[in-house]
Amino acid sequence: MTDQVHLVMMRYTLDGSPLDEAMDYAQVVRAVFADREKAQLVAVNLAEAYGGLDSAYFVASHSVVL
């Protein structure tokens, strides 16, 4: 059993401005994986297919508490 989950996250601006100029942005979980390599691969594929100046995909890892 793994002690971490790896979340594929999307960060995006609320007003459509570029991320580096945004005053406010939101984040949403797009997928959850036990394997970090798979999560990173999905994040890269999503970034290539859907990423832009106003959005980015990344992996955030979190501990699992049993």
Query raised in the report: Amide H to amide H, which residues 5 or more places from Arg30 or on other chains are under 5 Å from it, using H placed in the peptide plane?
Result: Val8, Met9, Met10
Report task. May I ask for the Rg/Rh ratio of the chain, computed from Cα atoms with Rh as the Kirkwood radius, given to two decimals? Result -> 1.05
Report task. Convert each backbone phi in region 6-20 into a coupling constant with the Karplus relation 6.51 cos²θ - 1.76 cosθ + 1.60 (shift: θ = phi - 60°), then list the ³J(HN,Hα) values in order as whole Hz, x for Gly and Pro. Result -> 10, 9, 8, 10, 10, 9, 8, 7, 7, 10, x, 6, x, 4, 6
Requested in this report: Heavy atoms only, probe 1.4 Å: what % of the accessible area of the chain goes to carbon and sulfur, would you let me know?
Outcome: 54 percent
Query raised in the report: With +1 on each Lys and Arg Cβ and -1 on each Asp and Glu Cβ, how big is the dipole of the chain about its Cα centre, in debye rounded to the nearest 20?
Result: 280 debye
Report task. Any chance you could give the angle, 0 to 90 degrees and rounded to 10, that helix 36-50 forms with the longest Cα principal axis of the chain? Result -> 20 degrees
Query raised in the report: Sequence-distant or interchain residues sharing an amide H contact under 5 Å with Asp54, placed H: which?
Result: Leu19
Report summary line: Heavy-atom accessible area per residue of the chain, all protein chains kept, 1.4 Å probe, expressed in Å², is 71 Å²
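The values are calculated or read from the model by the stated rules, or taken from the named source; none is laboratory data. These numbers come from a predicted model, not from an experiment. Positions of Cβ are backbone-derived with ideal geometry, glycine not excepted, and every protein chain shown enters the neighbour counts. The protein model used for the area step is the full one, side chains on, heavy atoms only, and it has no ligands, DNA or RNA in it. Shrake-Rupley method; radii C 1.70, N 1.55, O 1.52, S 1.80 Å.
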